[in-house]
Amino acid sequence: MSNDYRQDLFRYVAEEFAEDYREGELPRREFLRRSVLLGGSVLGARALLASLGVMGISAAELAEAQTAPPQNEPATSSYQVAPDDPSIEAAPVAYEALGRTNFAYLARPRGVASAPIVMVIHENRGLQPHIQDVARRVAKAGFIALAPDFVSSEGGTARFTDTAQISAFIARTPAETHAAHGLEAVKFLKAQPGAQVERFGMLGFCWGGGMTWRMSTLLPDLKAAIPYYGPSPSFEDIPKIRAAVLGIYGGRDARITSNAPATREALAAANVRHEFLIYPGANHAFHNDTGQNYKRDAAENAWATTLVWLRGNL
């Protein structure tokens with residue numbers, strides 16, 4: 001990870017699109033359309049594509065792709081914990097911070113006076129139903145969970161029908177802006193009735209895994225951090241981590257997992273308690289049971305281990 005964390009996270013999203021295109025998971029026109037969104041213009045997209053090693057794309061083809069309708073992944077309503085599960089209370093919430101209204105999803109065990117707290121950070125597609133389901137899973141396991149919407153400044157994830165616009169916004173927003181949002185979300189979580197603030201954990205997925213790494217360097221009271229296949233933080237910041245880190249990776253996700261050995265070495269050098277799980281045959285986003293990379297055996301084992309890690313460290 002370089003010192004320019006903003007640029008690293010931008011590249012993370014751009015490389016994810018390029019990888020999906022190369023693997024046949026993203027149609028050419030949709031890949032080019034997303035490249036224009038990320039690059040900010042046809043000219044910016046050409047420069048971005050060249051940096052990704054995608055050559056021979058004309059300005060005319062990019063201009064045509066720019067006006068094409070979005071081709072989002074098929075939406076599903078799959079969930080493991082129903083929104084009306086009687087053992088939990090779960091609902092969208094809003095709170096004021098940073099001079100605006102911020103959106104989030106809050107879930108907690110029903111009938112429990114107090115509980116440890118866990119923040120859940122979404123993928124680069126925003127606060128989708130899958131992440132709300134993950135928050136409910138956390139609540140069903142006995143924690144107060146908050147999943148903040150990092151697209152709040154744009155009106156929230158729900159106002160977008162084009163997930164690529166969400167990804168582009170997240171990628172182009174300075175990392176410091178996202179971090180400030182995350183810190184305010186932590187304050188809101190800690191202010192919940194019955195929140196055991198001294199027992200505080202965090203987990204995130206994909207881009208949210210990278211943000212979990214980032215937030216762990218900013219929160220000395222964080223007790224457990226669980227980044228799922230997220231880009232590592234700047235190694236110079238790793239000594240700031242006080243949380244016990246459980247890193248979860250897919251063996252086929254070379255773009256992210258290739259950095260795991262160096263990250264492990266940096267954690268060991270800084271005496272940060274950590275454990276890494278790398279699942280053979282699993283690709284990026286293998287935990288998302290609404291996505292095409294879902295790998296059930298790896299996802300179920302990772303989730304069981306996640307709960308053990310949270311209970312053991314909070």
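Numbers below:
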| quantity | calculated |
| --- | --- |
| Pick from segment 247-286, criterion buried (at least 22 other Cβ atoms within 10 Å of the Cβ) and aromatic (Phe, Trp, Tyr), ranking: nearest to Gly209 (Cα to Cα) | Tyr249 |
| Close pairs (7 angstrom Cβ cut-off, 6 or more residues apart or separate chains): within 24 Å of Leu127 (Cβ to Cβ) in segment 278-306, β-branched (Val, Ile, Thr) anywhere | His284/Ile256; Thr290/Thr76; Ala302/Ile248; Thr306/Ile226 |
| Any hit, segment 110-123, residues being touching a residue at least 40 places away in the same chain (Cβ under 8 Å), touching a Cys at 6+ places or on another chain (Cβ under 6 Å) and surrounded by 23 or more Cβ atoms within 10 Å (Cβ to Cβ) | yes |
| Segment 247-292: number of residues that are over 19 Å from the mean Cα position of the chain (by Cα) and among the polar types (S, T, N, Q) | 1 |
| From Val93, Val134, residue being at pLDDT 95 or above and within 14 Å of the chain's Cα centre (by Cα) | Val134 |
| Some residue of segment 233-246 being among the β-branched types (Val, Ile, Thr), surrounded by 19 or more Cβ atoms within 10 Å (Cβ to Cβ) and touching a Pro at 6+ places or on another chain (Cβ under 7 Å) | no |
| Matching residues, segment 98-151, being in contact with a Phe, Trp or Tyr (Cβ under 7 Å, 6 or more places away or on another chain), farther than 20 Å from Phe200 by Cα and aliphatic (A, V, I, L, M) | Leu127, Val151 |
| Residue check for Ala68: in contact (Cβ under 8 Å) with a residue 12 or more places away in the chain and in a strand (DSSP E or B) | no |
| In segment 185-214, the residues that are closer than 30 Å to Glu16 by Cα and not in a strand (DSSP E or B) | Ala185, Val186, Cys206, Trp207, Gly208, Gly209, Gly210, Met211, Thr212, Trp213, Arg214 |
| Output for segment 143-161, where each listed residue is in a loop (DSSP other than H, G, I, E, B), among the small types (Gly, Ala, Ser) and buried (at least 19 other Cβ atoms within 10 Å of the Cβ) | Gly156 |
| Residue in segment 215-246 that is nearest to Lys187 (Cα to Cα), counting only those that are part of a strand (DSSP E or B) and either within 13 Å of the chain's Cα centre (by Cα) or not assigned by TED's automatic domain parsing to the domain that holds Val120 (or both) | Ala225 |
| Members of segment 37-48 that are part of a helix (DSSP H, G or I) and touching a residue at least 24 places away in the same chain (Cβ under 8 Å) | Leu37, Leu38, Val42, Leu48 |
| Residue match in segment 275-291 (condition: modelled with pLDDT of 95 or more and among the hydroxyl-bearing types (Ser, Thr, Tyr)) | yes |
| Checklist (1) surrounded by 23 or more Cβ atoms within 10 Å (Cβ to Cβ); (2) in contact with a helix residue (DSSP H, G or I) (Cβ under 8 Å, 6 or more places away or on another chain) applied to Thr212, failing item | (2) |
| Residue that is farthest from Arg11 (Cα to Cα), among those in segment 51-66 that are over 28 Å from the mean Cα position of the chain (by Cα) and surrounded by fewer than 13 Cβ atoms within 10 Å (Cβ to Cβ) | Ala60 |
| Criterion violated by Ala139 - all others in (1) surrounded by fewer than 19 Cβ atoms within 10 Å (Cβ to Cβ); (2) among the hydrophobic types (A, V, I, L, M, F, W, C); (3) more than 17 Å from the chain's Cα centre (by Cα) satisfied | (1) |
| Unique match (being β-branched (Val, Ile, Thr) and surrounded by 20 or more Cβ atoms within 10 Å (Cβ to Cβ)) among Thr290, Thr306 | Thr306 |
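The values are calculated or read from the model by the stated rules, or taken from the named source; none is laboratory data. Since we're looking at a predicted model, the values are computed, not measured. Here the Cβ is made from the backbone with ideal geometry for all residues, glycine too, and neighbour counts use every protein chain on show.
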